[in-house]
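Data block below; observations after.
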Amino acid sequence: MKRLLTILLLTISLWLTSQNAFALTPIKLFDLSYQECSVEIGEGSVSSGGASLPARCFIVSGKAENKSGKPVVDADVFGRIYDANGNPVMENRGRIGSITEIPPGVSDFEIRISVPTELPTPLKLEQFKASGFAARVRPFYYDD
């Protein structure tokens, strides 16, 4: 009985201390805009299934509002991007990038995206949001 109580207390204390690291914090993204990348960072291609297509580089920027009162790290950015004809630019992809750290309050952010060159602009940016963690989330590493 004593051993069971010890295991239970250890489990509860681990659960309570790890809650902040595993809780997703929603981040509001607004005032979105985009611009073409500079030449030195804009070269590249989009590849899928072995085929490589020429790509255009864009920087999506805007404001991120973190109401949690704590820094948020490793925030995944989700959104929909459409070309001038209303076709999805990143089909079957809701996650379009990440933000390393978002301090409490309102701050600026930028993410880089690649778009196939044949898709017409202007791009339409819709339903952008982000969510991240109060502490770094690191994968488990195992030695062979």
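Nothing in this text is a laboratory measurement; each read-out follows from the coordinates by a stated rule. No experiment lies behind these values; they were computed from the predicted model shown. Note that we place each Cβ from the backbone using ideal geometry, even for glycine, and neighbour counts take in every protein chain shown.
Please list 103-111, 123-131 highest first by mean number of surrounding beta-carbon atoms within 10 Å per residue.
My ranking of the peptides, most packed first, is 123-131, 103-111.
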Original post:
Hey, which lysines would be in cross-link range of residue 129, C-alpha to C-alpha under 16 Å, not counting anything within fewer than 8 residues on its own chain?
Top reply: 28, 63, 67
Subject >> Amide H contacts under 5 Å for residue 121, placed H, 5+ residues apart >> reply: 84
